[in-house]
Amino acid sequence: MGLFKNASTVLRANIREYGMYIALFVIMAIFTILTDGVFMSSRNISNLLNQTGYIAVLAVGMTLVIVIRHIDLSVGFLAGFLGAIAAIAMVFWKLPVIVVIPLVLALGVVAGLITALPVAKMGIPSFVASLAGWLIYRGAILLVTESTGTIVVPNQTFNDIGNGFIPDLPVAMRIPGLHTLTLIVGLLAIIFYIVNEIRSRRTKQAYNFEVLSMDMFILKLVIISALVGYLTWVLAGYQGLSWTLVIVLVVVAVYHFITTQTVLGRHIYAVGGNPEAAELSGISVPRIILITFGSMGFLSALSGILFTARLQSATMTAGSLFELDAIAAAYVGGVSAAGGVGKVVGSLLGAVVMLSLTSGMNLMNIGIAYQYVVRGLVLALAVIFDVATRRKSK
Amino acid sequence: MTPPILEMKNITKEFPGVKALNNVSFSVQKDEIHCLVGENGAGKSTLMKVLSGVYPYGDYSGDIVFEGEVQKFRGIHDSEKAGIAIIYQELALVPEMTVYENIFLGHEIRRGALVNWNETLKRAAEMLKKVKLDINPTVKVKDLGVGKQQLVEIAKALSRDVKLLILDEPTAALNENESENLLSLIRDLKKQGVTCILISHKLKEVISIADKVTVLRDGQTICTLDADLGQVSETVLIKNMVGREIDNIYPKREHVVGEEVVLEVRNWNAYSPIVERDILKDIHFNIKKGEIIAFAGLMGSGRTELAKSLFGNPDGFRIQGEIYLKGKKVAFSSPHDAIEAGLAYVTEDRKGNGLILIQDVKQNITLANLQEIARRSIVNSNVEVNVANDYRVSLNIKTPSVEQRVSNLSGGNQQKVSLGKWLFVKPDILILDEPTRGIDVGAKFEIYTIMNRLVEQGMSIIMISSELPEVLGMSDRIYIVSSGRITGELPIGEATQEKIMSLATN
Ligand SMILES: Nc1ncnc2c1ncn2[C@@H]1O[C@H](COP(=O)(O)OP(=O)(O)OP(=O)(O)O)[C@@H](O)[C@H]1O
Ligand SMILES: [Mg+2]
């Protein structure tokens, strides 16, 4: 069949790009079978995505840090520390949520810039600078929670960020059994996507550039719309879109846009590809380092907020190992340690893959010891696959 | 006639979108110096990579017969075992290691599980004697100049009992003396029974050294010429390489230099905190509108440092001195400032700091001037493709598309991408650092033509070049640089090779 043959050539040519999607699909399919469908249940998928939230935002920031050939180890405990600050600000200083959130996010940016300063201005390796941060924020969490222990956050609005769902339409307009607003949002997303793709195809044609053939193009639109549609339907079957998911999607969309469409994004990838050439091209490398780490700090703060809200409290161990989960997600998602290569959407998928493994194995009652081993193997496999396909495309 | 030591039969090698080698046949007799010439992208390096196993058996079609046997190399390791050594233009030494460690790297002399350092040192000294390099084998490679590093590479190859030595553009980064040295070493090696394949764009040296010359064009063998039969001459080579005759590779132009001084540099001094010494002393020079000035001199005389120190000083030298742009005093604190003020700098080391190899042609061309194709900081990628295509056509860059990764282009075409990138900045003053290094005659001619067109449009060009014919053929005025000082200034009418050389070495 012509269509099938075409599709398989397109797929093979872009195996690197679609590899992630296929891997995710395979993992989900396996767990769905092994758990008799429980894995794909609305409730489980909804939970899984909510749990991914605080790692996903870190992975997005980490992607850019790794793209410019650096690393930030401090993000986990920074997130934990800022989460604690948020809790303290609400519980002890009695500040309103509307003040606390911007405050904490701003502190995150400052913290990121502080880590970046010696890196950008003096050439200190970021591994060392951020390891120092790791120790400092670890200590800082203990300091601020020492006297109180776990700080419980009673604020409903704040906790909704980690546990709540978007409201539904008035009862009269609902479809029974489904979260109707979620369905509408999903539908709008699909329409937006299709219109956008058609527009971009038209411009390309106006410039006489090569585009996918019509049947391939339609196939692509159908598949992606179907996926988004299915996901929406699954989520609508439980409580709809969670606020966490909304936040993650917004973050990923903004970062995707910045990295692929803007001058700043180009500059970041140029610095990652060859810092000296970038500098000689008029790009300030220190400035890019500061911006990237500043954004990492911002996202660490966001991660801290999401995590604290999810637990409805700030604990003394919050943030442990987040940095390594984020780094793993980024590598699974296809960033390269050599610099200059990696996509934020890939890292989001990487985070979802890693969390799916955890969630699926939990459902199957597999012990935590085996879970670590399996996740380690998947990380290794993903990177091997990535390097192997990259070599081939060279 | 004895059978050839090497015969490559009907070699075809394809990359996505490019047939780099199309049924190439190539044969080399024992003990000859066989030069391989051809335009940028003709397939010379690819052919040698096939031979040395970089592209393993199965990646290409055709046969390699070496010393009478069909070879199926799976990697460089196999070809090395067979006695073939290849030295790339980018040197493959470990800078932080000593010379003797480098020479035996990968085939250490052992005693049991340990390295026998005394024997290594002794053998290394012998190898260095063989290549006539008078240095202490315990110095670090990073402390040697490129010329000496090149010789260390050869010593390394010799230490493995090489029968066939391949050199890919070995003299591109060497000065005249060093080149002469290297060539006479190759002649010596020939007497000792080492067969040599040499790739070069410097036709003079090809003519002086070759026993045979094979010309490649567009991935095909055009001919093999025999020097003993008097078949090798510059005109014949050029004609076969580019497929047409070029009688004067420096295109004629009216030297109409404007009156206005666009750039003047006074009392320029620079100190490098890294090497802890003064690298530029008391430099004065100026350039007028529509003028080409050349900085002539030996490699390492400080010309690149001068260019970089003017171009926003990215290396962090400590600088004293003044720059005047059109009479107004200015200071650049970064390359960004310099670009904004209308300068552009095409670097000499395109791989090191000129291009972003993992990105594609279009991204490289637009990098230094993204604002031009962006609206409100959002890049218009469709316009970008068009811009890149314009430069691809006007500079005749050989690539299947502007979406090709720059690392996949041949050396000369990378240089053109680098040039395109800086032309897109539309500068008033263009600094070209060794603009034609590693570039074939045809493309040189094209680049010179472009330079002429640019100055006619009012641009001023500062050309740094170690090739005297190029300096004499292209510039309006010449400054000679030696050890970080300007030791002379000659208008083109008074300049001769002898005068320049004597100023450059004093
Ligand atoms: N890895 C690769 N992927 C795709 N195309 C390649 C790759 N390597 C080389 N090419 C293409 O093959 C052709 C031959 O390249 P090659 O490097 O052999 O040229 P060359 O004769 O050595 O040129 P130069 O004198 O510029 O070094 C060029 O068109 C080049 O773009
Ligand atoms: Mg080459």
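The values are calculated or read from the model by the stated rules, or taken from the named source; none is laboratory data. Small disclaimer: the values here were computed from a predicted structure and weren't measured. Cβ: placed from backbone, ideal geometry, glycine included. Neighbour counts: every protein chain shown. Areas reflect the complete protein model, heavy atoms only, side chains present, ligands, DNA and RNA absent. Shrake-Rupley method; radii C 1.70, N 1.55, O 1.52, S 1.80 Å.
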Review point. Given chain B, what percent of its DSSP beta bridges are antiparallel, to the nearest 5?
Key: 55
Exercise for review: Distance check, please: which entries in A:Lys343/B:Lys44; B:Lys204/B:Lys288; B:Lys289/B:Lys421; B:Lys202/B:Lys362; B:Lys398/B:Lys426; B:Lys81/B:Lys130 exceed 26 angstrom between their Cα atoms?
Suggested key: A:Lys343/B:Lys44; B:Lys204/B:Lys288; B:Lys202/B:Lys362
Revision key, fill the gap. Partner shielding of A:268-278, taken as the mean number of other chain Cβ atoms within 10 Å, equals 6
Exercise for review: Would you mind pulling out the separation of the Cα centroids of the range A:258-309 and the range B:331-361, in Å?
Suggested key: 20
Check your understanding: By Kyte-Doolittle mean hydropathy of at least -1.0 and Cα axial length of at least 15 Å, which whole DSSP H helices of chain B are selected?
Key -> B:146-158, B:176-191, B:381-394, B:411-423, B:441-456
Check your understanding: If packing is taken as the mean number of other Cβ atoms within 10 Å per residue, what is the order of B:382-391, B:319-328, highest first?
Key -> B:382-391, B:319-328
Point to revise | In the range B:229-277, the trypsin sites (Lys or Arg not before Pro) that fall in loop regions by DSSP, at most 16 other Cβ within 10 Å | key: B:Arg244, B:Lys252, B:Arg253
**Study point:** Over chain A, relative contact order from alpha-carbon pairs under 8 Å, at least 6 apart, %
**Key:** 36
Exercise for review: Would you mind working out the magnitude of the charge dipole of the range B:6-242 relative to its Cα centre, with +1 at each Lys and Arg C-beta and -1 at each Asp and Glu C-beta, to the nearest 20 Debye?
Suggested key: 380
Exercise for review: Average the reciprocal distances over every distinct pair of alpha-carbons in the range B:349-426, invert the result, and give the Kirkwood radius in Å.
Suggested key: 12.2
Revision key, fill the gap. Interface buried area B-A, accessible surface with 1.4 Å probe, both sides summed, nearest 100 Å², comes to 2300
Revision key, fill the gap. Rounded to the nearest 5, the percent of antiparallel DSSP beta bridges in the range B:6-242 equals 55
Revision key, fill the gap. Answer in debye to the nearest 20: the dipole magnitude of the range B:349-426 about its Cα centre, from +1 Lys/Arg and -1 Asp/Glu charges placed on Cβ, is 80
Check your understanding: Based on the mean of other beta carbon atoms within 10 Å per residue, what is the order of A:63-74, A:242-253, most packed first?
Key -> A:63-74, A:242-253
Study note, to complete from the structure: trypsin sites (Lys or Arg not before Pro) in the range B:39-96 lying in a DSSP loop, each with at most 12 other Cβ atoms within 10 Å of its Cβ, come to B:Lys72, B:Arg74
Practice item. Sticking with the crude label model, points 7 Å out along Cα→Cβ, report the distance from A:Phe209 to B:Ser407 in nm, one decimal please. Key: 2.3
Exercise for review: Mind putting a number on the dipole of the protein assembly as shown about its Cα centre? Charges go on the C-beta only, +1 for Lys and Arg and -1 for Asp and Glu, and I need it in Debye to the nearest 20.
Suggested key: 1720
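To the nearest 0.05, how large is the calculated FRET efficiency for A:Thr260 and A:Phe217 if R₀ is 22 Å and r is the Cβ-Cβ distance?
Calculated value: 0.65.
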Revision key, fill the gap. Interchain or sequence-distant (5+) residues whose placed amide H lies within less than 5 Å of the amide H of B:Gln29 are B:Ile5
Check your understanding: In chain A, with Lys and Arg counted as +1 and Asp and Glu as -1 at Cβ, which of these residues, A:Leu264, A:Leu113, A:Gly282, has the Cα nearest the positive end of the dipole, that is, farthest along it?
Key -> A:Gly282
Review point. Which residues' amide hydrogens lie under 5 Å from the amide hydrogen of B:Ile431, considering only partners 5 or more residues apart or on another chain, with H built in the peptide plane?
Key: B:Ala344, B:Tyr345, B:Val346, B:Ile462
Study note, to complete from the structure: Given a 1.4 Å probe, the accessible area of the protein assembly as shown per residue, as a whole number of Å², is 45
Exercise for review: With springs connecting C-alpha atoms under 10 Å apart, model chain A as a Gaussian network and identify which of A:Tyr207, A:Tyr372, A:Tyr193 has the largest mean-square fluctuation.
Suggested key: A:Tyr207
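Only helical DSSP H runs with n ≥ 4 go in: add -39500 (n - 2.57) per run for chain B, normalise by residue count and round the 222 nm mean residue ellipticity to 500 deg cm²/dmol.
Values: 16 runs with 157 residues, N = 506.
The per-residue figure over chain B is -9000 deg cm²/dmol.
Quick one: compute the contact order of the range B:1-157, relative version, from alpha carbon pairs under 8 angstrom and 6+ residues apart, as a percent.
Numbers: 212 pairs, mean separation 29.8, N = 157.
Normalised by residue count, the contact order of the range B:1-157 is 19 percent.
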Review point. Between A:Phe92 and A:Leu117, what is the FRET efficiency for a Förster distance of 41 Å, r being their Cβ-Cβ separation, to the nearest 0.05?
Key: 0.85
Study note, to complete from the structure: DSSP beta bridges in the protein assembly as shown: the antiparallel percent, rounded to 5, is 60
Check your understanding: How many nm separate the modelled label positions at B:Lys204 and A:Val38, each set 7 Å beyond the Cα in the direction of the Cβ?
Key -> 8.2
Check your understanding: Roughly how many Å² of B:Ile238 are accessible to a 1.4 Å probe, to the nearest 10?
Key -> 10
Check your understanding: Hey, any idea what % of the range B:49-180's accessible area is carbon plus sulfur with a 1.4 Å probe?
Key -> 48
Revision key, fill the gap. Karplus-derived 3J(HN,Hα) from phi for the range B:19-34 (6.51 cos²θ - 1.76 cosθ + 1.60, θ = phi - 60°), whole Hz, x at Gly and Pro, runs 9, 6, 10, 10, 6, 7, 10, 7, 9, 10, 7, 5, 6, 10, 9, 10
Study note, to complete from the structure: Asserting the computed 222 nm helical MRE of chain A (DSSP H runs at least 4 long, -39500 (n - 2.57) per run, divided by residue count, to nearest 500) equals -26000 deg cm²/dmol
Check your understanding: Once the dipole of the range B:178-270 is set up with Lys and Arg at +1 and Asp and Glu at -1 on Cβ about the Cα centre, which of B:Gly243, B:Thr195, B:Asn269 lies farthest towards its positive end?
Key -> B:Thr195
Check your understanding: Name the chymotrypsin sites (Phe, Trp or Tyr not before Pro) in the range B:37-92 that are in a loop by DSSP and that have at most 16 other C-beta atoms within 10 Å, would you?
Key -> B:Tyr57
Check your understanding: Name the residues of the range B:353-367 whose accessible area, probed at 1.4 Å, falls by at least 30 Å² once all protein chains are in place instead of their chain on its own?
Key -> B:Asn353, B:Ile356, B:Ile358, B:Gln359, B:Leu367
Exercise for review: Could you rank the peptides A:17-26, A:329-338 by their average count of other C-beta atoms within 10 Å per residue, with the highest value first?
Suggested key: A:329-338, A:17-26
Check your understanding: Under the definition of Cα pairs under 8 Å and six or more residues apart, what whole-number percent is the relative contact order of chain B?
Key -> 15
Check your understanding: Among residues other than B:His201 whose Cβ falls under 13 Å from its Cβ, what is the net charge (Lys/Arg +1, Asp/Glu -1)?
Key -> -4
Revision key, fill the gap. Excluding ligands, DNA and RNA, the carbon-plus-sulfur percentage of the accessible area of the range B:349-426 with a 1.4 Å probe reads 44
